[in-house]
Amino acid sequence: MEITGSDYTYWSNIPAEKTTASFLNKVSLMWPTALVDDERSEGEVEIFVSKNAAMDDFHEENGYALNEEGEGCFMFGAQWRPFFQSDIHIASIIRPAHLVSSCPHDSTIILANATCYTLVLPTLLEESDFSKKIHAFLIDSLSESAAAD
């Protein structure tokens, strides 16, 4: 089978425990009887989610793809790293308000106790309201976890 799905990664200093719990709570509100394959080891979380057995079967045949209802399986992951450094290109700054910028520039990010969050979605964000919704679950969960500290 061809590699499928659209991967998105986010580096943060927000620990995975609260973010993962918040994310799964949002999923359970959307799909109360979701099938959740939750694998955790030290410093790592990998969660595969499908709405039901029919969607799981659809995934087996089609990989990460949207079904007739415009929904699909997705994966959430988090990996902790003691140190992360990256040269990046900043297209814009969204928050905090006093740093909002639309001036693109190069920068370096250095984080201690960083977590890399990964979403594998059935389509690109620009192509699906469903993928946008799952993406919003992660962003909202990160924001809520940061506000709680």
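Where a number appears in this text, it was derived from the coordinates with a stated rule and is not lab data. For clarity, every value in this text was computed on a predicted model and none was experimentally measured. Note that each Cβ is placed from the backbone with ideal geometry, even for glycine, and that neighbours are counted across all protein chains shown.
Taking the Cα atoms only, what angle lies between the long axis of helix 16-30 and the longest principal axis of the chain, rounded to 10 degrees?
The angle comes out at about 40 degrees.
So what are the three principal axis dimensions of the stretch 1-76 from its Cα atoms, in whole Å, longest to shortest?
If we take the Cα atoms of the stretch 1-76, the spans are 37, 29, 21 Å.
Can you tell me the Rg and Dmax of the chain, counting just the alpha carbons, in angstroms?
Final numbers for Rg and Dmax: 16.4, 48 Å.
Return the calculated 222 nm mean residue ellipticity for the chain, to the nearest 500 deg cm²/dmol, obtained by summing -39500 (n - 2.57) across DSSP H runs with n ≥ 4 and dividing by the residue count.
When only DSSP H runs of four or more count, the value is -10000 deg cm²/dmol.
Among 7-18, 38-49, 85-96, 70-81, what's the highest-first ranking by average C-beta atoms within 10 angstrom per residue?
Ranked by mean Cβ neighbours within 10 Å, highest first: 70-81, 7-18, 38-49, 85-96.
Can you tell me the orientation of helix 129-148 relative to the chain, as the angle in degrees between its alpha-carbon axis and the longest Cα principal axis, to the nearest 10?
Around 50 degrees separate the two axes.
With viscosity set to 0.692 mPa s and temperature to 37 °C, compute the Stokes-Einstein D of the stretch 64-115, Rh being the Kirkwood radius across alpha carbon pairs; µm²/s, no decimals.
D, rounded to a whole number, is 228 µm²/s.
With +1 assigned to the C-beta of every Lys and Arg and -1 to the C-beta of every Asp and Glu, and no other charges, what is the dipole magnitude of the chain about the Cα centre in debye, to the nearest 20?
Approximately 740 debye in magnitude.
Going toward the positive end of the dipole of the stretch 1-100, with +1 on Lys and Arg Cβ and -1 on Asp and Glu Cβ, which of 90, 78, 63 do you reach last?
Result: 90.
Counting Lys +1, Arg +1, Asp -1, Glu -1, what net charge surrounds residue 49 among other residues with beta carbon under 13 Å of its beta carbon?
Spelling it out: positives minus negatives among the neighbours equals -3.
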